Amino acid sequence: MIDWLAEPFTFVFMQRALAASLLVGIVCSILGTFVVLRSMAFLGDALAHAILPGVAIAYLAGANLFVGALVAALVVAFGIGFVARGGAIREDTAIGILFTAALALGVLLISTAGTYATDLTHILFGNVLGVTTTDLRITAALSALVLVVVFALYKEFVLAAFDPVLAHTLGRRPEAMDGLMLVLLALTIVVSLQTVGVGLVAAMLVTPAATASLLTRRLPAMMAAAAVVGGLSSVAGLYLSYYLDVASGAAIVLVATAAFLAAFLFAPRRGLVWRRTTRQEPGM
Amino acid sequence: MNGVGEAAGQAVLYVEDLRVGYDGALALDGVTLTVPHGAQVAVVGPNGAGKSTLFKSVVGLLRPRSGRILIHGRPPGDQDDPVAYVPQREEIDWRFPVSVSDVVMMGRYGRLGPLRRPRQIDREIVAQALDRLGLSDLASRPIGELSGGQQQRVFLARAIAQEPHVLLLDEPFTGVDVRAREMVLDLLQSMRARDVTVLVSTHDMETAARRFDLVALLNHRLIAYGAPDHVFTPPHIAAAFGGQALFLDGMVVIDQCCPGHVGDGVAHRHTHARRDEVGHAPDRRGRAP
């Protein structure tokens with residue numbers, strides 16, 4: 001058993017993969033609690049797809065993919081705010097337009113390169129086994145940055161999310177906190193690029209946090225539970241990927257989904273089974 | 001319009017020719033009023049009269065098209081003295097995973113910098129506020145598990161924890177039980193001792209007449225403003241409530257069907273404001289008869 005658990009990590013690339021996916025699992029899940037509470041899942045998914053052109057340009061120019069992704073994410077994040085602000089277009093419509101356009105642009109750019117199919121697959125669905133030491137350092141630094149900002153400004157984020165009206169009357173600027181949240185979201189998505197890829201980041205943002213929301217009743221506990229679910233899903237997914245020889249990003253996401261389904265069915269008080277079996281009073 | 005006669009210099013709240021609108025129609029049209037320090041004002045009018053709009057403008061959530069609002073001589077959002085505002089219940093996401101004491105603690109955030117954690121004194125003030133509204137036993141409950149009246153009390157406790165100089169309560173008597181209603185009235189009584197200036201919106205004319213110093217009768221325009229016996233005259237009430245007001249043998253009946261209200265489980269709510277004799281106000285210092 002020990003051998004079975006230890007064997008994958010005799011490879012250096014697997015050690016780096018483990019470190020990277022643990023970090024991503026934890027950061028995504030913690031930030032994801034805000035994504036879930038504020039119904040920003042669509043925005044998160046859109047933002048993830050929208051970084052594709054940035055990645056493509058960086059790739060074609062031989063620059064660092066992180067930088068390209070980050071620039072693209074920030075441009076799109078503020079672009080959505082700008083288009084939606086006028087009020088002539090609803091925000092979800094603005095998101096829909098901008099993210100598909102960015103996605104199309106990214107695909108177009110990548111299609112000009114010779115190794116189109118492989119490159120696109122890696123960007124869309126991650127390539128955690130190809131994480132380099134430099135990648136790992138950048139991932140660790142950005143993850144630390146996101147976590148420090150979230151914890152330092154924790155009560156301000158909660159205030160802006162729960163009651164923007166109160167935030168206003170206390171002289172705060174909840175829109176500024178929303179903007180900062182968007183920047184953190186962009187950073188997190190960029191960090192996740194290599195582990196789960198553009199196509200599956202949204203799952204890591206939403207699924208562990210949604211699982212945690214079924215198991216906990218207060219926000220700090222929800223964040224902790226989400227981090228545990230996200231971290232464990234990453235590790236378990238990596239084992240599955242190694243022993244079954246399947247794509248690692250997809251395996252991580254499916255483990256997280258299984259955890260969610262388990263909570264959805266069996267969570268105390270809020271699970272489907274619990275509610276069915278305790279509802280014995282009148283009727284039905 | 002009936003003036004109050006206080007010098008503008010003493011006024012804690014000064015509203016001048018206020019016009020506020022949403023896409024076209026004006027919700028408030030040329031409202032001018034002066035609220036003296038420590039006064040308790042009932043803002044009375046039918047649904048959609050602009051009561052909430054007035055409060056939101058005063059706390060700086062809505063930008064007026066024209067006119068001026070000054071609190072302690074300064075525009076909204078520019079005060080060191082906290083202005084506490086308790087909106088209507090519907091405006092909150094009750095599934096948010098926060099406990100009762102978490103919510104009340106948010107009232108202290110105005111006195112804490114963005115990076116500061118709550119201090120011992122903040123926790124004590126929160127505990128007192130919870131105790132004051134009979135919520136101590138529920139302190140660690142998620143807010144989503146509370147009844148409507150309990151939820152209302154949580155937000156009142158939060159407003160107290162802000163230690164405000166100006167307190168605005170939007171429809172605190174709507175959709176709550178008798179106990180919550182009495183608690184609001186007791187709270188208002190205790191605010192007198194602290195010289196807190198209070199504005200409460202309601203369509204309950206009886207409470208407005210019995211418990212408040214001043215009444216502002218509003219229906220987009222300010223119909224009348226002053227002492228209750230001055231304001232609640234048949235012509236004023238007819239002007240504010242129009243066809244909804246029925247005068248029956250020295251008694252006013254307001255028939256209000258609430259188009260915009262959902263969630264309190266009552267399709268039609270009728271507010272009957274009974275008074276022994278219109279134009280003859282009860283003791284306006286608000287002691288119970």
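The values are calculated or read from the model by the stated rules, or taken from the named source; none is laboratory data. Treat the numbers as computed from the prediction; the structure is a model and nothing was measured. Here the Cβ is made from the backbone with ideal geometry for all residues, glycine too, and neighbour counts use every protein chain on show. Only protein heavy atoms, including side chains, enter the accessible area calculation; ligands, DNA and RNA are left aside. Shrake-Rupley method; radii C 1.70, N 1.55, O 1.52, S 1.80 Å.
Cβ-Cβ under 7 Å, sequence separation 6+ or interchain: first residue in segment A:245-259 and under 19 Å from A:His122 (Cβ atoms) and without any contact (Cβ under 8 Å) to a residue 60 or more places away in the chain, partner buried (at least 19 other Cβ atoms within 10 Å of the Cβ) and among the polar types (S, T, N, Q). Which pairs?
From segment A:245-259, the pairs are A:Ala251/A:Ser241.
One line per residue, one yes/no per condition, for (1) within 16 Å of the chain's Cα centre (by Cα); (2) hydrophobic (A, V, I, L, M, F, W, C); (3) open to solvent by 10 Å² or more (accessible area, probe 1.4 Å):
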{"site": "A:Ser39", "(1), (2), (3)": "yes, no, yes"}
{"site": "A:Gly44", "(1), (2), (3)": "yes, no, no"}
{"site": "A:Ala50", "(1), (2), (3)": "yes, yes, no"}
{"site": "A:Ala58", "(1), (2), (3)": "no, yes, no"}
{"site": "A:Ala63", "(1), (2), (3)": "no, yes, yes"}
{"site": "A:Gly68", "(1), (2), (3)": "no, no, yes"}
{"site": "A:Leu74", "(1), (2), (3)": "yes, yes, yes"}
{"site": "A:Ala77", "(1), (2), (3)": "yes, yes, no"}
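Answer with yes or no whether A:Ala167 is under 22 Å from B:Trp94 (Cα atoms), open to solvent by less than 30 Å² (accessible area, probe 1.4 Å), within 14 Å of chain B (Cβ to nearest Cβ) and touching a residue at least 24 places away in the same chain (Cβ under 8 Å).
Working: under 22 Å from B:Trp94 (Cα atoms): yes; open to solvent by less than 30 Å² (accessible area, probe 1.4 Å): yes; within 14 Å of chain B (Cβ to nearest Cβ): yes; touching a residue at least 24 places away in the same chain (Cβ under 8 Å): no.
No; evaluated as a whole, the condition is false for this residue.
Please tell me if A:Gly126 is crowded, with 21+ Cβ neighbours inside 10 Å and at positive phi.
So A:Gly126 passes the test.
Determine the pairs where a residue that is within 18 Å of B:Ala224 (Cα to Cα), located within segment B:193-206, has a partner that is in a strand (DSSP E or B) and of a type in the set (D, E, K, R) with Cβ atoms under 7 Å apart, the partner being 6 or more residues away or on another chain.
B:Ser201/B:Asp170
Would you point out which residue out of B:Arg89, B:Arg95 is surrounded by fewer than 22 Cβ atoms within 10 Å (Cβ to Cβ) and at pLDDT 85 or above? Let's see the steps before the verdict.
Working: B:Arg89 fails: at pLDDT 85 or above.
It is B:Arg95.
Can you report the number of residues in segment A:195-245 which are surrounded by 21 or more Cβ atoms within 10 Å (Cβ to Cβ) and away from chain B (no Cβ under 14 Å)?
Total satisfying the criteria: 21.
This table checks each residue for (1) assigned to a helix (DSSP H, G or I); (2) away from every other protein chain (no Cβ under 14 Å); (3) over 19 Å from A:Asp163 (Cβ atoms); (4) of a type outside the set (Phe, Trp, Tyr).
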residue	(1), (2), (3), (4)
B:Gly149	yes, yes, yes, yes
B:Val154	yes, no, no, yes
B:Glu163	no, no, no, yes
B:Leu167	no, no, no, yes
B:Arg181	yes, yes, yes, yes
B:Leu188	yes, yes, yes, yes
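Residue-by-condition table, conditions (1) open to solvent by 30 Å² or more (accessible area, probe 1.4 Å); (2) in a strand (DSSP E or B):
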site	(1), (2)
B:Leu28	no, yes
B:Thr32	yes, yes
B:Val43	no, yes
B:Leu54	no, no
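Going by the structure shown, is B:Ile125 among the β-branched types (Val, Ile, Thr), farther than 22 Å from B:Gly77 by Cα and assigned to a helix (DSSP H, G or I)?
yes
Are any residues in segment B:59-98 in a loop (DSSP other than H, G, I, E, B), within 11 Å of chain A (Cβ to nearest Cβ) and either of a type in the set (Val, Ile, Thr) or at positive phi (or both), and if so, which ones?
Once the filter is applied, which keeps residues that are in a loop (DSSP other than H, G, I, E, B), within 11 Å of chain A (Cβ to nearest Cβ) and either of a type in the set (Val, Ile, Thr) or at positive phi (or both), segment B:59-98 yields B:Val59, B:Gly60, B:Gly77, B:Ile92, B:Val98.
Restricting attention to segment A:79-94, and to residues there that are surrounded by fewer than 14 Cβ atoms within 10 Å (Cβ to Cβ) and not basic (Lys, Arg), which single residue is nearest to A:Val183 (Cα to Cα)?
Among them, the one singled out is A:Phe82.
Please go through segment B:100-147 and pick out each residue that is farther than 22 Å from A:Ala167 by Cβ, open to solvent by 50 Å² or more (accessible area, probe 1.4 Å) and within 13 Å of chain A (Cβ to nearest Cβ).
B:Ser140, B:Arg141, B:Glu145
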